[in-house]
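Novice: I am attaching a structure below and will ask some questions about it afterwards.
The values are calculated or read from the model by the stated rules, or taken from the named source; none is laboratory data. Worth saying up front: this structure is predicted, and the values here are computed from it rather than measured. All Cβ positions, glycine included, derive from the backbone under ideal geometry; neighbour counts span all protein chains shown. Areas reflect the complete protein model, heavy atoms only, side chains present, ligands, DNA and RNA absent. Shrake-Rupley method; radii C 1.70, N 1.55, O 1.52, S 1.80 Å.
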Amino acid sequence: MNAERVIADLRELAARTSTADGAQRLAWGSVWRDAREWFTGKAAELGLQVVTDSAGNNWVTLPGESARTVIIGSHLDSVPNGGWLDGCLGVMAALEAVRMRAGTKPPVTLKLVDWADEEGARFGRSLFGSSAAAGSLKIDEVRELKDRQDTRLVDALAENGVVLDRMADAHRELKTIDAAAYLELHIEQGPVLESMQKSTGVVLGTFGVERNMLRFIGQAAHSGSTPIPMRRDAFLAAAQAALAFREIALRHSRPGPGGGVVCTVGIVNVEPKIVTAVPGVCEISLDQRALDAGVLAAMVRDAREASERAARDNNVTVEWRRLWRIEPRPFDAELVRLCEEAVREETGDAPRLPSGPLHDAAEMVPHMPVVMMFAYSANGLSHCKEEDTPGPHLEKTIRAFLRLVDKTVAHVANQP
């Protein structure tokens with residue numbers, strides 16, 4: 001279990017694909033392709049080939065005595081100015097798990113996967129490659145996407161040898177794998193483990209997400225001549241609703257692992273957006289997340305009621321438009337148990353927590369048993385150059401993950 005070698009690989013990748021502002025492995029771009037070429041060389045050193053599926057996901061296979069397969073991996077792509085661990089930690093730890101067994105025939109097959117465009121940072125569709133493999137990507141919904149430079153998604157994919165209309169074939173390709181488990185290592189991207197002073201966490205599942213855009217419609221008016229009681233201020237209605245959403249999250253939170261929930265307003269747009277006008281229109285986004293489907297549904301109902309109340313109080317109207325949703329994805333109980341064993345053996349304790357951010361693992365849940373392991377994030381930071389996990393904690397987590405791979409291989413091999 002050479003955790004130091006994994007960290008050396010990560011440092012090498014960072015030096016190759018980062019600037020002073022952080023990682024620049026934006027999916028479908030030249031630096032990302034360079035990172036994948038570098039990774040292909042690492043696999044070649046083990047006598048293994050990288051095979052790309054119809055969605056651009058890269059696979060490395062170590063055949064076993066059985067076709068039953070344990071899939072391990074994550075993603076190499078990053079956000080612009082990202083960190084040195086997000087995504088690539090899981091890929092490089094998976095490579096070490098394969099490296100440990102290279103030249104042998106393990107009892108079950110191991111497949112390492114580097115999912116394409118997990119971040120969605122360029123075209124706005126996260127979990128892109130894994131959702132294609134899972135069969136949940138709707139091709140027509142992404143066909144017209146463009147990046148900030150006005151490059152079309154279809155053209156960026158073609159530059160990387162991927163044909164949009166053939167991406168659905170990745171689902172058929174995944175179904176040919178006799179998948180018995182999917183394991184993913186990732187940094188937490190939040191402050192919980194650090195606050196507990198724990199190196200490593202066992203992930204119970206990924207939050208469900210309900211993401212909507214709310215449009216409050218009032219009446220623009222002159223800011224100097226319109227008395228406050230006579231205004232139809234769309235922004236004030238939106239602000240009142242936003243404060244209510246925070247209270248909804250606090251009200252629905254429960255103590256213990258998996259009980260926390262969140263509500264976030266991340267976008268605020270007003271019209272006409274001039275200093276001398278009362279806002280006649282205000283749009284806000286609302287992102288709500290919870291691990292329990294019933295709790296999440298109740299949060300959405302409460303938010304609708306709060307927005308309608310805020311609209312009435314300010315003599316405006318409100319319209320809702322769904323942006324995206326995904327149901328909660330709890331992980332496999334037996335794999336969670338094995339994960340707890342591995343973490344406890346390495347660190348002495350195995351705290352359990354949900355994942356607020358989404359990961360490729362969520363797309364695999366309907367198709368096979370899944371579990372994730374988290375390493376703590378220093379200061380809770382991710383998606384920035386300051387992202388870090390101190391060396392001793394990182395080494396413990398990598399060793400715990402390699403233990404988990406061992407346990408899962410033995411577990412799958414012993415299944416009838």
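Novice: Rounded to whole Å, give me the distance from the Cα center of region 105-181 to that of region 364-416.
Specialist: Distance between centres, Cα-based: 22 Å.
Novice: OK, next. Using the heavy atoms of the protein chains and a 1.4 angstrom probe, tell me the accessible area per residue for region 285-416 in square angstrom.
Specialist: Per-residue accessible area for region 285-416 comes out at 42 Å².
Novice: Skipping prolines and chain starts, which residues have an amide H placed within reach, meaning under 5 Å, of the one on Trp324, given they are 5 or more residues away or on another chain?
Specialist: Under 5 Å from the amide H of Trp324 lie the amide H atoms of Arg211, each far enough along the sequence or on another chain.
Novice: Using mean Cβ contacts within 10 Å as the protection proxy, how do 314-320, 149-155 order, highest first?
Specialist: Highest-to-lowest ranking by the protection proxy: 314-320, 149-155.
Novice: Once Rh for region 300-369 is found with the Kirkwood sum over Cα pairs, what is the Stokes-Einstein diffusion coefficient at 10 °C and 1.306 mPa s, in µm²/s?
Specialist: Estimated via Stokes-Einstein, D reaches 99 µm²/s.
Novice: A 24 angstrom limit on the alpha carbon distance is what I want to check against. Which of Lys42/Lys146; Lys42/Lys111; Lys111/Lys175; Lys146/Lys385; Lys198/Lys407 exceed it?
Specialist: In this structure, Lys42/Lys146; Lys146/Lys385 exceed 24 Å between Cα atoms.
Novice: Compute the projected area of the convex hull of the Cα atoms of region 85-220, averaged over all viewing directions, and report it in nm² to one decimal place.
Specialist: 13.8
Novice: Taking only the C-alpha atoms, wrap a convex hull around region 133-191 and report its volume per residue in Å³ as a whole number.
Specialist: Roughly 155 Å³ of hull volume per residue.
Novice: Carbon-plus-sulfur fraction of the accessible area of region 140-292, 1.4 Å probe, in percent?
Specialist: That fraction is 53 percent.
Novice: Per residue of region 278-286, in order, report the coupling 6.51 cos²θ - 1.76 cosθ + 1.60 (Karplus, θ = phi - 60°) as ³J(HN,Hα) in whole Hz, putting x for Gly and Pro.
Specialist: 5, x, x, 9, 9, 10, 9, 8, 9
Novice: Let me ask something additional. Taking the Cβ-Cβ separation of Val51 and Thr264 as r and a Förster radius of 60 Å, what is the calculated FRET efficiency to the nearest 0.05?
Specialist: Calculated value: 0.95.
Novice: Rounded to two decimals, what is the ratio between the C-alpha radius of gyration of the chain and 2.2 N^0.38 Å?
Specialist: 1.06
Novice: Would you please calculate the Kirkwood hydrodynamic radius of region 1-160 over all C-alpha pairs and express it in Å, rounded to one decimal?
Specialist: The Cα-based Kirkwood calculation yields 16.2 Å.
Novice: Something else now. Label Asn2 and Glu144 with points 7 Å out from Cα along Cα→Cβ: what is the distance between them in nm?
Specialist: Taking the simple label geometry, Asn2 and Glu144 are separated by 5.2 nm.
Novice: Kindly provide the Kirkwood hydrodynamic radius of region 32-97 in Å, to one decimal, from all pairs of distinct alpha carbon atoms.
Specialist: The answer is 12.9 Å.
Novice: Over region 23-64, what lengths in whole Å, largest first, do the semi-axes of the equivalent ellipsoid take, defined as the square roots of 5 times the eigenvalues of the alpha-carbon gyration tensor?
Specialist: 21, 13, 6
Novice: Then there is this: So, counting K/R as plus one and D/E as minus one, what does the shell of residues with Cβ under 13 Å around Asp77 add up to?
Specialist: That works out to -2.
Novice: Of the DSSP beta bridges with both residues in the chain, give the percent that are antiparallel, rounding to the nearest 5.
Specialist: 70
Novice: From the backbone phi of region 195-201, what are the Karplus-calculated ³J(HN,Hα) couplings (6.51 cos²θ - 1.76 cosθ + 1.60, θ = phi - 60°) in whole Hz, Gly and Pro given as x?
Specialist: Working through the residues one at a time gives 5, 8, 6, 10, 6, 9, x Hz.
Novice: Near the amide H of Ala277, under 5 Å away, which other amide H atoms are found, from residues 5 or more places off or on another chain, if H is placed in the peptide plane?
Specialist: Ser223
Novice: Within 12 Å, Cβ to Cβ, of Leu335, how many net charges do the neighbouring residues add up to if Lys/Arg are +1 and Asp/Glu are -1?
Specialist: Net charge in that neighbourhood comes out at -3.
Novice: Return the carbon/sulfur percentage of the accessible area of region 339-387, one whole number, probe 1.4 Å, all protein chains in place.
Specialist: So the carbon and sulfur contribution to the accessible surface is 43 percent.
Novice: For region 261-416, what ratio Rg/Rh do Cα atoms give with a Kirkwood hydrodynamic radius?
Specialist: Across region 261-416, the Cα-based Rg/Rh ratio is 1.12.
Novice: Ok, one more. Put +1 on the Cβ of each Lys and Arg and -1 on the Cβ of each Asp and Glu in the chain; which of Met299, Ile72, Pro106 then has its Cα farthest toward the positive end of the dipole?
Specialist: The residue sitting most towards the positive pole is Met299.
Novice: Spelling out what I want: for every residue of region 403-416, take phi, set θ = phi - 60°, compute 6.51 cos²θ - 1.76 cosθ + 1.60 (Karplus), and round to whole Hz; glycine and proline get x.
Specialist: 4, 4, 4, 4, 5, 5, 4, 5, 4, 5, 5, 8, 6, x
Novice: Considering only DSSP states other than H, G, I, E and B, which trypsin sites (Lys or Arg not before Pro) in region 230-289 qualify as loop sites with at most 13 other Cβ atoms within 10 Å?
Specialist: Lys273
Novice: When the Kirkwood hydrodynamic radius is evaluated over all pairs of different C-alpha atoms of region 70-162, what value in angstrom, to one decimal, is obtained?
Specialist: In region 70-162 this quantity evaluates to 14.9 Å.
Novice: Now, a different point. Okay, helix-only estimate at 222 nm for the chain: each DSSP H run of n ≥ 4 adds -39500 (n - 2.57), divide by all residues, round to 500 deg cm²/dmol; what do you get?
Specialist: Roughly -11500 deg cm²/dmol at 222 nm, from the helical runs in the chain.
Novice: So how compact is region 196-255: Cα radius of gyration and Dmax in angstrom?
Specialist: Spelled out, the Cα radius of gyration and Dmax of region 196-255 are 19.6, 59 Å.
Novice: Using a probe radius of 1.4 Å on heavy atoms only, what accessible surface per residue do you get for region 16-80? Whole Å² is fine.
Specialist: Accessible area per residue: 37 Å².
Novice: Take Thr176 and Arg211, extend 7 Å from each Cα along the Cα→Cβ direction, and tell me the distance between the two endpoints in nm.
Specialist: 3.2
Novice: Can you give me the Cα centroid spacing of region 216-260 and region 262-299 in angstrom?
Specialist: Region 216-260 and region 262-299 have Cα centres spaced 8 Å from each other.
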